Every structure is written in structure tokens, then in C-alpha cells.
């Protein structure tokens, strides 16, 4: 293939990546964006393999078939609740690929190695190793293979600072003496330890932010590997992933009213005696008002506006189709129904949007926090399904709470709040929720899907 044709193909692939990212910004265009991005990657991979004479068309087709099979199996078998874990693994393997490719290029290089390549190799090894091992820890916490609570080692900040200094020193060694592979593999080893120790003190509540940041790291590692291989397409793709990951991390931190430094070095639950912690026995004692489906059905019969707040519990119980049936039943009776979506509801941004889109709930019914908060005062009933921290009024009223200042959905301002939850257990932040004991709150203790099915039956009865 000629250089002009290769560059043209890379330009087309880059444009498809950009259009794909733009499409992923909204649920309505997300599928199309995904297809555009996948097409761009297919073009980039095929052109690279053919231009470098790495493999022929037969091998490319075989690889596409194998990859499509694995992708299809994952798409059907991975539950929506496990999507963050899958993203963490994909981030990690991206980092590992950068480490191995950069290392192989360093070993195979003969003659004088340019400074650009040696610096890029060091960057690939450092960022890629931190990404891989940090992502494995994040996966383990979300999958509950290891404890989701912060693991606080004595002197962890000093230890991490020392490790970072040592890795930077080895990175300088790689840049100055690339002909000695021992510097590179020593760098990878220390960066791997740093990746584990940097993520393991962070609690499960902050794992979505960490995964988003690690996603950015995997892009930066790929970008550095592009400089190692002198591959323009890899540089562009890595830059786009790195930039979009950083933007998403910033959005999530803003939605939690947290700084990135607080997430990485402090974080929710970073102190075993965090203010506002505990199970809330004193807060809830004698103040919880339980309700059954028939009581809630009577409330809904006279309601004019209902706002439904989905949370992680909705995803766990796979109740998205049941909540659609409830909304349709209420609307058939002339009741106005909206859905309130918090930016960090669930475990990843857009989690609730994708879940409700799966049930064919109209996009215009999914209101952002800014759109829906002024409407809660007009709502006769707010139904909270499996959400916790994102509706915790302590963020607004208790300056000593670990989530103080975090923007929340103002469900407590509705005339009546119905909380569908299996128990009074705390959310990811590990703190009690005063909403459960509020005067205008009714607790409906049940699995999300069963609760909605029984409520629909009560309404029809």
C-alpha cells in the first residue's frame, strides 16, 4: 500500500472515531456512535496489518470472526450491573498491550535508538503497568473478589511517593540507556506495584471515578506506544481515549462535588471513623414507616405527577421492564410520569439511561438532575427504586457528612416519597440516609422487580 493511501485510510478512521465519540454523548445516538467507532478501528487495524505485511487477508478474516464471537458472547452474557467490571478489565488489557508492545519494540530495535522512542517506551511501560494492575484491583473491588472497603496501609502516601520517585528514576534510565532492557522491566515491575498500592486504598464508592481515570491512562499508554512504533493512527486514537477519559472523570467528580485529589488520596470511607458513618440504628429507630403495595396504589390513584428515581438496585433486580409497565399504567390514567437521572446513579455515567433505553422508555422522559429538581415540589409521589447516596439529604443539610456538598436529587421535597429497597443498608458511601426516616417517606421493603410487579397488580386490582 502506498503512503498516501495509508494516510487517507488513517484520516477516515480518525474522523470516524471523532464522530463515534460525539454519538456516544447521547443514548439516542449511542448505538450509531459505537458502530462508527468500531468501523474506524476496523479500518485502522486492517490497514496497519496490510501495510506492515504482518498478516494476510485470511488471517485478518479469521481474527475478525474470533473477535466477533468473543464480543457477541460478552454482549449477551455480561449483565448491565457488571459493565463497570468489564470496562475495568478492558482498560487493564489495553495497558498491558502497551507494556508488551513497547517492550518488544525496545528489544527488537537494532542500532541507535532515538530519544523520542526511548522516552515514549518509558512512558508506555510506566502508564501501562499502572493501568493494568490498578484496573485489576478495581475489577476485584467491584466484583467483590476483594473487599470494596479502603485498604489503608501505614504510611501509604510516603510509600507511594517513594515508589513514584523510583519509577521516574528508572524511566530516566530507560530514556538515557535504552540498550539495557533491565531498566525497562524494572520500571514495569515497580509501576505494577504502584498501580496496586494507588488503587487499593480507594473505596468502592469511588471506583467508577477510578475506572474512568484508568480508561484515560490506557489511552495515554496507547498514545505513547504510537510514538514508539511511529504509528500516527495509534497516536490519534490514544489521544482521543485519553482526553475523553479525563473529561468524563472531571464530569463525575463535579457530579459528586469532589476533587480528583480527594478521590485518589482521601475518598469516601478512607477513614474507618468517617463522620456520618454507621448503620443508622439511632437515626431510624422508631421512625421507619413501612408500606405495602395496596397503600402505595391508593396514593398513586389520586396523584397527578409522579417522578421515578432509578438507582443501582433497579439494575440489580433487572426491573427496567417492570418500571416501564408501571409508568405506562400510570400515564394511561392521566398521571404525568418522569424519570429523574443523577449523573452518577448506578456504577457508571449513563448506566440508568442505557438501562431504561433497553426497556424502550422515551428519551424525553429521562430528565437530568438540573431539569428535574425544580419539579419535585410539584410531585405528588416520588418513587425511589434502589437509589441511596444520590438522594441522601445529608449532602445538603449535614456539613460533616462525607458526601457534604454533593449535588443530589431533591426527592425529599415531594409530597410523598416511596423508597423501594430490600433493607436499610447504606449505599456505596457507607452512611445512613435520613430520607428513610423522613415524615413524608414510606419504605417499601422488597426486591425491586417483585415490588413493581406487586404494585402494578395492586393498581389494577
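The values are calculated or read from the model by the stated rules, or taken from the named source; none is laboratory data. Note that the coordinates shown come from a computational prediction; the quantities given were computed from them, not determined experimentally. A quick note on method: Cβ atoms are made from the backbone with ideal geometry, for glycine too, and the neighbour counts reach across all protein chains shown.
Annotations for the structure displayed:
- Of all residues in region 89-121 being assigned to a helix (DSSP H, G or I) and under 12 Å from residue 177 (Cα atoms), the one that is farthest from the chain's Cα centre (by Cα): 115
- All told, residue 407 meets the bar of being under 24 Å from residue 142 (Cα atoms), touching a helix residue (DSSP H, G or I) at 6+ places or on another chain (Cβ under 7 Å) and surrounded by fewer than 21 Cβ atoms within 10 Å (Cβ to Cβ).
- Once region 356-386 is narrowed to residues that are buried (at least 23 other Cβ atoms within 10 Å of the Cβ) and within 20 Å of residue 84 (Cβ to Cβ), the residue that is modelled with the highest pLDDT is 385.
- Checked across region 309-316, the condition of being part of a helix (DSSP H, G or I), touching a strand residue (DSSP E or B) at 6+ places or on another chain (Cβ under 8 Å), outside the structural domain of residue 245 (by TED's automatic domain parsing) and closer than 20 Å to residue 457 by Cα holds for at least one residue.
- Count of region 439-461 residues which are within 31 Å of the chain's Cα centre (by Cα) and not in a strand (DSSP E or B): 8
- Looking only at region 306-329, and only at residues there that are surrounded by fewer than 18 Cβ atoms within 10 Å (Cβ to Cβ) and touching a residue at least 60 places away in the same chain (Cβ under 8 Å), the one that is nearest to residue 432 (Cα to Cα): 316
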